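**Q** The structure is given below, and queries will be raised subsequently.
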Amino acid sequence: MNKKESDTQSEAPESPNLDEATSAPQSDAKISDTQKTGKLNTESPKEAKQSTSDSPKEDFKSLYLRSLADLENFRKRVAKDKQDIIKMANGSLIESLLPVIDTMKLGLQAADNKPEAADIKKGFEMVLEQLNRALQDNGVSELSPEGSLFDPNLHESIAYQASETVPEDHVIQTVRSGYTLNDRLIRAANVIVSSGKESS
């Protein structure tokens with residue numbers, strides 16, 4: 001090799017290493033990301049996949065439990081409605097029997113002044129007692145509120161009357177008995193209410 005060629009080669013500048021130049025910024029970027037987050041991402045791809053797959057399972061489980069709760073509430077509501085319907089199924093029949101009871105009571109009151117009708121009266125009293133027992137067995141209760149406080153939800157006032165013995169707004173007399181069916185009012189009691197002592 002001649003002297004001229006050797007001088008040319010020695011004067012040629014060294015070319016930069018492209019791999020080192022490109023890798024340096026990348027490593028710096030990794031270090032900066034780590035410094036920003038404060039921790040390395042150690043989650044493996046398998047764990048990440050499992051966490052994402054568990055989320056739909058939890059959603060379906062929660063939806064299933066809510067559906068079971070709604071179904072149970074629906075069953076209870078239907079059962080309660082069914083019981084209420086059964087309890088009130090005989091309501092119209094019982095209401096039609098109430099005037100018959102009223103007539104029997106009036107007949108027994110009229111027989112009080114008829115000594116010759118004592119035997120017939122006794123027979124009607126037995127029939128009325130049996131009828132009342134049958135109604136009680138089916139959830140019917142009679143309202144006869146003499147002396148109790150007037151309740152507009154259960155009583156119907158047909159008159160006010162002064163009284164020296166019965167306090168004001170209390171029932172003096174029951175003109176017609178009221179009735180409830182399974183704690184539900186089917187007929188209010190007609191009553192006379194006290195207006196208190198008569199003012200002099």
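**Q** Of the numbered conditions (1) in the same structural domain as S195 (by TED's automatic domain parsing); (2) in contact (Cβ under 8 Å) with a residue 60 or more places away in the chain, D102 fails exactly one; give the number of that condition.
**A** (1)
**Q** So, in segment 142-154, how many residues would count as being small (G, A, S) and closer than 18 Å to T103 by Cα?
**A** Matching residues across segment 142-154 total 1.
**Q** Can you go through A118, A189, A134 and tell me which one is crowded, with 18+ Cβ neighbours inside 10 Å, out of contact with any helix residue (DSSP H, G or I) (no Cβ under 7 Å at 6 or more places or on another chain), of a type in the set (A, V, I, L, M, F, W, C) and under 22 Å from T103 (Cβ atoms)?
**A** A189
**Q** Return the pairs, sorted by first residue and then second, in which the second residue is surrounded by 10 or more Cβ atoms within 10 Å (Cβ to Cβ) and not in a helix (DSSP H, G or I), the first residue lies in segment 66-88 and is among the basic types (K, R), the beta carbons are less than 6 Å apart, and the residues are 6+ apart or on different chains.
**A** As it stands, the answer is K87/N182, since those pairs meet every condition given.
**Q** Let me ask you something else. Considering (1) surrounded by fewer than 12 Cβ atoms within 10 Å (Cβ to Cβ); (2) charged (D, E, K, R); (3) within 30 Å of I85 (Cα to Cα), say which one D112 fails and leave the rest.
**A** (3)
The values are calculated or read from the model by the stated rules, or taken from the named source; none is laboratory data. Source: prediction; values computed, not measured. Every residue, glycine as well, gets a Cβ built from its backbone with ideal geometry; the counts of neighbours run over all protein chains shown.
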